[in-house]
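Step one of this worksheet: look at the structure below.
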Amino acid sequence: MNFAKPAFLVFLTLVVLVALAMRSSRRRKLLLLAASYFFYGTWNIPFIGLILFSTSIDYWLSKAISTSQEVIRKRQLLRLGIVVNLTILAIFKYCNFFVDSINASLHALHLHGTILQHLNLLLPLGISFYTFEAISYLTDVYRGEPPARSFADYNFYIMYFPHLISGPIVRYRELADQMRDGISFSLKSVRKGCELIILGLVYKLLIADTVSGIADPVFQNPYAANITSTYLAWAAFTAQIYFDFMGYTHIARGVSLLFNIELPLNFNHPYNAANISDFWQRWHISLSRWIRDYLYIPLGGSRGSSLRTSFNLLATMTIAGAWHGAGWAFIIWGAYHGLLLLSYHLLEPARKHWRNIASSNGFASNIYAWSSTIITFICAAYGWIWFRSADSRAALTMTSKLFRINGLAAEQSHAILQNGDYGAVATFCLLLAVSTGGPLAVRLYDSTFPRLPHWVKVQAATAAFVLCYICAGAESKPFIYFQF
């Protein structure tokens with residue numbers, strides 16, 4: 001069920017009205033749990049059984065870990081839980097990727113008679129997110145956190161529909177305290193929730209879905225695009241993914257606030273980042289925290305030698321890329337960001353030197369800050385080529401056209417945009433302005449809207465809500481992160 005579709009708004013309204021009619025806050029929690037299963041079942045009912053299977057194992061293992069007195073036994077149970085969850089993820093998400101990789105190797109060796117067949121598997125919606133949540137829950141219990149009091153509590157943590165499909169990746173303790181006494185309502189939270197939902201719809205329907213019409217044709221067939229349309233598509237997707245993900249996070253947090261449950265911040269103006277490390281502290285914040293706490297630090301973090309730290313950075317970011325999608329383009333995207341982070345840390349002495357020089361002069365300091373932000377933005381924006389492309393060959397083709405590198409792609413370019421270079425350049429500049437200036441506009445809104453009179457807020461919100469569904473396309477596109 002797409003958050004931006006009218007059907008979801010009807011579903012949400014009914015859940016809120018029924019919850020309001022209930023006097024028992026604990027019954028409201030059970031209602032939300034049932035509504036979450038219904039929400040997931042509208043996509044695929046059989047996969048509810050898969051979630052029940054995995055959550056049952058996780059809950060039993062967490063109880064066993066918390067009651068066991070032997071450290072070795074605890075560690076064995078934790079490893080078992082991690083293996084079970086990663087095995088389920090690997091079967092459904094990565095099995096065909098492994099088959100394709102094996103087939104490519106067999107083809108290169110001319111062993112065509114042993115080609116493996118694809119498995120006809122449907123990817124469970126949100127499996128990457130709730131798998132990481134399950135692993136974090138088991139690890140936290142192993143580290144001494146109390147387990148869920150009941151199977152219903154743990155189910156609520158995993159299934160709670162505002163974060164089920166695309167995050168944020170929530171820690172159990174972040175929801176446990178809020179849901180311990182059941183579900184209550186707060187007028188302040190409802191107001192803030194409605195504001196976030198409407199803002200999210202504006203970002204998604206009016207901006208992200210609109211510019212996707214420029215990006216999609218080129219990314220679907222990059223071999224036929226000329227240089228101008230390639231630049232256009234790159235700028236369009238840079239804007240699309242920013243506002244698509246910001247729209248989703250706003251709606252998810254807003255929906256949850258309707259029930260007075262606050263989800264952690266997952267998006268904080270990443271295109272304003274001062275460096276690539278800062279970018280990952282602003283983009284998909286919950287994923288960055290998970291990678292740091294459950295992968296990077298357990299591997300040793302930055303405590304070892306420079307070589308070990310470099311390996312840890314590259315390994316964790318490559319895994320992060322693979323988490324996003326089963327394909328070499330995603331893996332390369334993750335490794336690319338690993339190299340950016342590695343370069344950032346290796347160049348720390350030089351950056352510190354230039355920062356000290358610039359700090360002695362206000363103008364120079366501003367130039368340093370702006371140049372750092374622009375360089376970070378360009379580096380992150382180039383990564384979206386690999387993130388969005390269907391495969392590495394398509395990404396290399398677009399790279400060859402963006403940077404005029406001959407030989408990366410053998411296909412002859414043909415114009416997708418006929419005789420529209422001036423308009424194309426103008427559109428490219430507009431999209432680039434949206435990508436870079438959009439975050440500034442959002443910050444301006446955040447600083448001015450709260451001070452407006454209440455009646456102005458209500459009218460503006462109503463107008464924005466109506467405008468979303470008048471100006472939006474006939475078919476709202478799924479949120480980009482829904483595919484993970």
Count of region 10-36 residues which are over 22 Å from the mean Cα position of the chain (by Cα) and under 17 Å from residue 164 (Cβ atoms): 10
Odd one out for residue 265, checked against (1) modelled with pLDDT of 90 or more; (2) of a type outside the set (Asp, Glu); (3) in contact with a helix residue (DSSP H, G or I) (Cβ under 8 Å, 6 or more places away or on another chain); (4) part of a helix (DSSP H, G or I): (4)
For residue 147: the one exception among (1) farther than 30 Å from residue 480 by Cβ; (2) assigned to a helix (DSSP H, G or I): (2)
Extreme residue, nearest to the chain's Cα centre (by Cα), among residues of region 37-53 that are at pLDDT 90 or above and among the aliphatic types (A, V, I, L, M): 51
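Among the helices (runs of 4 or more DSSP H) confined wholly to region 6-120, which include 2 or more residues that are of a type in the set (D, E, K, R), more than 24 Å from residue 484 (Cβ to Cβ) and open to solvent by 60 Å² or more (accessible area, probe 1.4 Å)?
Working: elements: 6-21, 25-41, 46-67, 71-89, 95-108.
In region 6-120, 25-41, 71-89 are the helices (runs of 4 or more DSSP H) which contain 2 or more residues that are of a type in the set (D, E, K, R), more than 24 Å from residue 484 (Cβ to Cβ) and open to solvent by 60 Å² or more (accessible area, probe 1.4 Å).
A quick yes/no check of all residues on (1) at pLDDT below 90; (2) closer than 20 Å to residue 167 by Cβ; (3) open to solvent by 30 Å² or more (accessible area, probe 1.4 Å):
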site: 270; (1), (2), (3): no, yes, no
site: 281; (1), (2), (3): no, yes, yes
site: 292; (1), (2), (3): no, yes, yes
site: 326; (1), (2), (3): yes, yes, yes
site: 341; (1), (2), (3): no, no, no
site: 354; (1), (2), (3): yes, no, yes
site: 359; (1), (2), (3): yes, no, yes
site: 368; (1), (2), (3): yes, no, yes
site: 372; (1), (2), (3): yes, no, no
One residue from 128, 166, 136 being of a type in the set (Gly, Ala, Ser) and not in a helix (DSSP H, G or I): 166
Residue ID - surrounded by the most Cβ atoms within 10 Å (Cβ to Cβ), chosen from residues in region 375-431 that are assigned to a helix (DSSP H, G or I), modelled with pLDDT under 90 and aliphatic (A, V, I, L, M): 431
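The values are calculated or read from the model by the stated rules, or taken from the named source; none is laboratory data. Values in this document were obtained by computation on a predicted structure and should not be read as measured data. All Cβ positions, glycine included, derive from the backbone under ideal geometry; neighbour counts span all protein chains shown. Each accessible area value is taken on the protein alone, full model and side chains, heavy atoms only, with ligands, DNA and RNA left out. Shrake-Rupley method; radii C 1.70, N 1.55, O 1.52, S 1.80 Å.
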